[in-house]
Amino acid sequence: MRCNICGSASIGPLNGDGEFPACAACGSELRQRAVALLLSRALFGCDIALCDFPQLKSIRGLGISDLPMLARPLERFFTYTNTYYHQEPSLDLTEPPPPELGLFDFLICSEVLEHVMSPVSRAFEALSRLLKPTGFLLLTVPFGLGEQTEDHFPTATALKVTEVDGKLVAVGHYPDGSYRVHDNLVFHGGHGATLELRLFSETELKSQLASAGFTHVSFLCEGNDGFGVAFPSPCSLPILASKTELTLIRPALAELVQSFATQEVIIRAAAGSKWLRLGRALGLGPRLGQ
Ligand SMILES: [Zn+2]
């Protein structure tokens, strides 16, 4: 199987959990490969490996704590910035900076919203406002198929995780001024704010997206086995959301046409070169423009 991020044939067959393993070359897991696949479908309407994308610097993207194996190629192909919660360049989804609003053609928000303080509607609104009207959001977040989101600390205004007798507990500050201690915490991998604050329901995700203005929402049900992207369950599928029908923006289209035109000129120039004519006469060299 070919990894659709780094392009190497480094993904083994499905494991016992029905998931393709991590790429032995770049370390990509299902989540990152699914995001790259969804980005390819959103931009081009077909499945292209990220390493084979054309360079389209007129497209502006914003990552929210993307992993390096995804962020590096995105920086190469697009005008893309990755942001973090705990380091610069930082982005607080509860208070997005006004100068950044309406700037982006795409946002990647992967495994973030389950860690954002309530009310989580602020984060959905921020995602919507950061995008251009024609932009789109690639969202992954753990979700179940029930009706209700399980919000572990729905009314806490602040939370701090601390260790007591070797056990991690969360101390919550509540609107009535009280403090409460919570145990049985769920943490997700990675660094920074990784305490799980909620497990979304599919119903609430759809409703939050609709309230934030995302009128077009689709779930990535169909993967691509050749890229090591398959979903063993209908839970937590990656989501593509936009405020309008998707279309490649005009400057990006112009870049693509320019790039094809340049290649055509190079091919014609090469085909007319005397060295190539000589090579052809000798039955050598590439067959260009024939
Ligand atoms: Zn890879």
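A few comments on the model shown:
- Test: residue in the range 34-50 that is among the basic types (K, R), outside any helix (DSSP H, G or I) and out of contact with any His (no Cβ under 9 Å at 6 or more places or on another chain): no
- Test for L50: is it within 12 Å of the ligand (Cβ to nearest atom) and touching a Pro at 6+ places or on another chain (Cβ under 6 Å): yes
- Residue check for Y179: open to solvent by less than 80 Å² (accessible area, probe 1.4 Å) and more than 30 Å from L103 (Cβ to Cβ): no
- Considering each residue of the range 191-209 in turn, none proves to be open to solvent by 70 Å² or more (accessible area, probe 1.4 Å), under 27 Å from T244 (Cα atoms) and in contact (Cβ under 8 Å) with a residue 24 or more places away in the chain.
- Residue check, K243 of a type outside the set (F, W, Y) and in contact with a Gly (Cβ under 6 Å, 6 or more places away or on another chain): yes
- The lone exception for S40 - which of (1) within 13 Å of the ligand (Cβ to nearest atom); (2) buried (at least 16 other Cβ atoms within 10 Å of the Cβ); (3) of a type outside the set (D, E, K, R) it fails: (1)
- Hits in the range 1-21 - residues which are open to solvent by less than 30 Å² (accessible area, probe 1.4 Å), modelled with pLDDT of 95 or more and among the hydrophobic types (A, V, I, L, M, F, W, C): C3, I5
- Selection from the range 22-34 of residues that are out of contact with any Pro (no Cβ under 6 Å at 6 or more places or on another chain) and either in contact (Cβ under 8 Å) with a residue 60 or more places away in the chain or crowded, with 21+ Cβ neighbours inside 10 Å (or both): C23, C26, S28, L30, R31, Q32, R33
- Leading residue by the ranking (farthest from the chain's Cα centre (by Cα)) among those in the range 135-160 that are open to solvent by less than 60 Å² (accessible area, probe 1.4 Å) and β-branched (V, I, T): T149
- Some residue of the range 1-13 being away from the ligand (no atom under 11 Å from the Cβ), of a type outside the set (S, T, Y) and touching a residue at least 40 places away in the same chain (Cβ under 8 Å): no
- Condition met for A71 (within 15 Å of the chain's Cα centre (by Cα) and modelled with pLDDT of 95 or more): yes
The values are calculated or read from the model by the stated rules, or taken from the named source; none is laboratory data. Everything numeric here is computed off the predicted structure, so don't read it as measured data. Methodologically, a virtual Cβ is constructed for each residue, glycine included, from the backbone with ideal geometry; neighbour enumeration extends over all protein chains shown. What goes into the accessible areas is simple: the full protein's heavy atoms, side chains included, and nothing from ligands, DNA or RNA. Shrake-Rupley method; radii C 1.70, N 1.55, O 1.52, S 1.80 Å.
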